[in-house]
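*Asks:* My questions all concern the structure below.
Values in this text are rule-based calculations from the coordinates and carry no lab data. The model shown is predicted, which means the values in this text are computed figures rather than measured ones. Don't worry about glycine lacking a Cβ; one is built from the backbone with ideal geometry, like all the others, and counts go over all protein chains shown.
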Amino acid sequence: MSGDKVRKDASQVENGTLAATDESQHSNGGKIVIRSSPGDLKQVVLDGLEKKGDRGIWLWTLFILCLTPNILNGFHVSSYVFLGKMPENYYCVVPDLMQKGWTHDEIRNISTVGGVNQNGTCTILNWDYSHLAEMNYVDAIAYVSQQQRPGLVSCLGTPGFEMHYEQRPGASIVPEWNLICERTALRSTVQVALSVGKFFGASTFGVLSDKYGRKSSFTVAALLYVVASLLTTFSPYYILLLLGRIGLGASASGVFYPAFALLTENIGVRHRSWMSIAFNFSYPIGMLILALAAYYIDPWRDLSLALTIPSFLLVIHLYFLVESPRWLLSKGRERRAYRMVFGRKAPQELCDSDRELSAEEVSAAAAKNVDAPKIPLGVRIKQTFSEFTKLYGTPKLCRRALICHFTWCVTSLCYYVTALNADNFAANRNVYVATTGSVDILAYIVSMIVLAYFGRKSTSFCFFLYAGICLLVVLAIPKESTVVLVTLAMLGRLGITAVYAVVTLHTAELFPTEIRNTALGICSTMAHVGSIAAPYIVDLLGQLAWWIPTTICGIAVLIAGVCTLLHPETRDAALKDHAKQEADAIGDKEPMKQ
């Protein structure tokens, strides 16, 4: 490359239009001359990406395009509070008596132990109601008073009886499929289905994102989101509702993690911390919009449709989002990455090089001239799981991965346990969801402020410690002090939400580009193990003693905080692209740029 060309490129670097390898810099008449070796295309792209991700409309466009899809997650994950709301009262009625003109109160006085004073009943006295139907109410009362009281039978499990719900028609899924009494577990399964979908979707879309690209994985997830949303809204059968919820959970992970990886990989170091945390604002924003929509829209299908319509806006994201240049570099596609960053083809002098070709480049070049040989099945299987072997292939990465799995699981477990414990208090659903979203926003703001001055490791430890103390202090509070317990639950939720944001950012920086999304996906899978276990801890262990769930979470959170101290600090550290770079590094104790 001629001297004039180098000076021209250096001038363009100063203007933010081109970047070159900063192997050496010299002052020349007040101008910076950057010497770039021929063929060092990858470094030129990285320098240009750092410049582009530091400021300008490209940075803010990327931030908005990556942030807004996660608002949909706030819609659907919390929509169960409204879709599955319980009726104010429910009891069994006898159609034979109703056909004879009996009122509900008259039927309940004869068929229910406790009569009209007993609300929320699942059983009915096993009288011969066909015989009672031949009498009027007064005669029937006189007749049954002279008879021995029969046993109780299930209303839903016995033919000839119907469950009546004191709830507006179509207000929730409960009356539509009788998700109550002995079928209450089926109501809970609607929410569990979402967690199951997120469980499988996190690891699946994580691998797809690392193997086929961030945008490709996001595209598949966006299409699944639309289909699953429509299936949930218009499902005529309970089983289709579950399939729709599973699809929503899987696609929620599919639009979250590729977008998060895309943002983390392509923004400048100066903005990486606060933008990665601000990315999480989308979820509580979705919760606030959900609470507002549910205030005006009551029928659950209408509410679900209102939440589905915004998903069609994902088409805009599919049009404007581009593939991650850093991911392209990790796959050896430097020329396409250059075109992504600079909007033009790479100069020929940067493409020409006398360097030794890598194994991937040799294979690609050979494939152009000769027919590819058949790859044995064992090799193909090994290639398919290459991301997993890279993630756990070295002791350093394996240790990091296992610690992240545990911390994500504990964080998610405590997040949902605190939410479920708070829900046991009689609170307005709209106010509760809005309050929860507001607490989450406050938690993200706090985490952004703290991360501006402290590293990832110390911040995670402090938030874990704070949350653990809040949850364990519950042991010293009497059960009758409801206000104090709710306050502690919200304080614990604030700490857990804040640490969730920090842990997500820290995990993304701990692993190289080629396995970053795989690591995030598997960690998310472990997080959903916690979210699935949370209802059982609250419902089953909470019956033994009300303080057991928060005590378990408090102890687990403290252990997770200690484990985070084993991680290296990643603040202002350059992101690695390949697992081999981590393996060749001196060690976690090498000095980091602060």
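*Asks:* If you average the sequence gap of Cα pairs under 8 Å that are 6 or more apart and divide by the length of segment 224-317, what percent do you get for the contact order? Can you show the working numbers first?
*Replies:* Details: 55 pairs, mean separation 32.7, N = 94.
About 35 percent, as a whole number.
*Asks:* Which one of 204, 159, 138 is farthest out on the positive end of the charge dipole of segment 102-220, using unit charges on Cβ (Lys, Arg +1; Asp, Glu -1) and the Cα centre as origin?
*Replies:* Farthest along the dipole direction, towards plus: 204.
*Asks:* Roughly what would the spin-label model give for residue 445 and residue 389, points 7 Å off Cα along C-beta, in nm?
*Replies:* Output for this residue pair reads 5.0 nm.
*Asks:* Let's test the formula: R0 of 35 Å, r as the Cβ-Cβ distance of residue 118 and residue 544. What FRET efficiency results, to the nearest 0.05? Mind showing how you got there, number by number?
*Replies:* Working: r = 27 Å, r/R0 = 0.78.
Step by step, r from the Cβ atoms, then E = 0.80.
*Asks:* Which value in nm describes the separation of the simple spin-label points at residue 143 and residue 105, placed 7 Å from the Cα toward the beta carbon?
*Replies:* 2.3
*Asks:* If we sort 554-561, 396-403 on the protection proxy, mean other Cβ atoms within 10 Å, highest first, what's the order?
*Replies:* Details: 554-561: 20.2, 396-403: 17.2.
Sorting 554-561, 396-403 by mean packing, highest first, produces 554-561, 396-403.
*Asks:* Determine the shape class of segment 129-255: with a ≥ b ≥ c the square roots of the Cα gyration tensor eigenvalues, call it rounded for a/c under 1.5, and otherwise prolate if a/b is greater than b/c, oblate otherwise.
*Replies:* Details: a/c = 5.82, a/b = 3.68, b/c = 1.58.
Judged from the Cα gyration tensor, segment 129-255 comes out prolate (a/c at least 1.5, a/b above b/c).
*Asks:* Moving to a separate point now. In nanometres, what is the gap between the two model label sites at residue 153 and residue 486, each 7 Å from Cα along Cα-to-Cβ?
*Replies:* Here the answer is 4.3 nm between the modelled labels.
*Asks:* Rounded to the nearest 20 Debye, what is the dipole magnitude of segment 166-218 about its Cα centre when Lys and Arg each give +1 and Asp and Glu each give -1 at the C-beta?
*Replies:* Working: 7 positive and 4 negative charges, 67 e Å.
Charge dipole, segment 166-218, about its Cα centre: 320 debye, nearest 20.
*Asks:* Let me check I've understood the local charge: for residue 102, count other residues with C-beta under 13 angstrom from its C-beta, Lys and Arg +1, Asp and Glu -1. What total comes out? Let's see the in-between values first.
*Replies:* Numbers: positive: 100, 108; negative: 96, 105, 106, 134, 139.
Result for the neighbourhood of residue 102: -3.
*Asks:* With respect to the cross-link table entries 198/479; 51/457; 51/211; 51/396, which display a Cα-Cα separation exceeding 29 Å? Kindly include the intermediate steps, with their values, before the conclusion.
*Replies:* On the way: 198/479 34 Å; 51/457 27 Å; 51/211 27 Å; 51/396 31 Å.
Over 29 Å Cα-Cα: 198/479; 51/396.
*Asks:* Can you give the extra length, in nm with one decimal, that the chain gains between residue 529 and residue 166 once fully stretched, where that is 0.36 nm per residue apart less the Cα-Cα distance?
*Replies:* Numbers: separation 363, 0.36 × 363 = 130.68 nm, distance 3.56 nm.
Length gained, residue 529 through residue 166: 127.1 nm.
*Asks:* Can you tell me the dipole magnitude for segment 54-159 around its Cα centre, using point charges on the Cβ only (Lys, Arg +1; Asp, Glu -1), in Debye to the nearest 20? Kindly include the intermediate steps, with their values, before the conclusion.
*Replies:* Values: 5 positive and 8 negative charges, 84 e Å.
Roughly 400 debye, rounded to the nearest 20.
*Asks:* Here's a follow-up. Please give the FRET efficiency for residue 89 paired with residue 469, using the beta carbon to beta carbon distance and R0 = 35 Å, rounded to the nearest 0.05.
*Replies:* Step by step, r from the Cβ atoms, then E = 0.30.
*Asks:* If you don't mind, there's one more thing I want to ask. Rounded, prolate or oblate: which fits segment 415-553 when a ≥ b ≥ c are the square roots of the eigenvalues of the alpha-carbon gyration tensor, with rounded for a/c under 1.5 and prolate only if a/b beats b/c? Walk me through the numbers before you get to the answer.
*Replies:* Values: a/c = 1.96, a/b = 1.59, b/c = 1.23.
Prolate shape, in that a/c is at least 1.5 and a/b is the bigger ratio.
*Asks:* Shifting gears a bit: Note the full-extension length gain between residue 125 and residue 565 as 0.36 nm times their separation in residues minus their Cα-Cα distance, in nm to one decimal. Walk me through the numbers on the way to the answer.
*Replies:* Numbers: separation 440, 0.36 × 440 = 158.40 nm, distance 6.16 nm.
That works out to 152.2 nm of additional length.
*Asks:* Once amide H atoms are placed 1.01 Å from N in the peptide plane, what residues at a sequence separation of 5 or more from residue 164, or on another chain, have their amide H within under 5 Å of its amide H?
*Replies:* Distant-sequence amide H within range of residue 164: 91, 92, 93.
*Asks:* Sticking with this structure for a sec: Would you kindly state how much longer the chain becomes between residue 237 and residue 453 on full extension, computed as 0.36 nm times their sequence separation minus their alpha carbon distance, in nm to one decimal?
*Replies:* Numbers: separation 216, 0.36 × 216 = 77.76 nm, distance 5.28 nm.
Extending this stretch completely gives an extra 72.5 nm.
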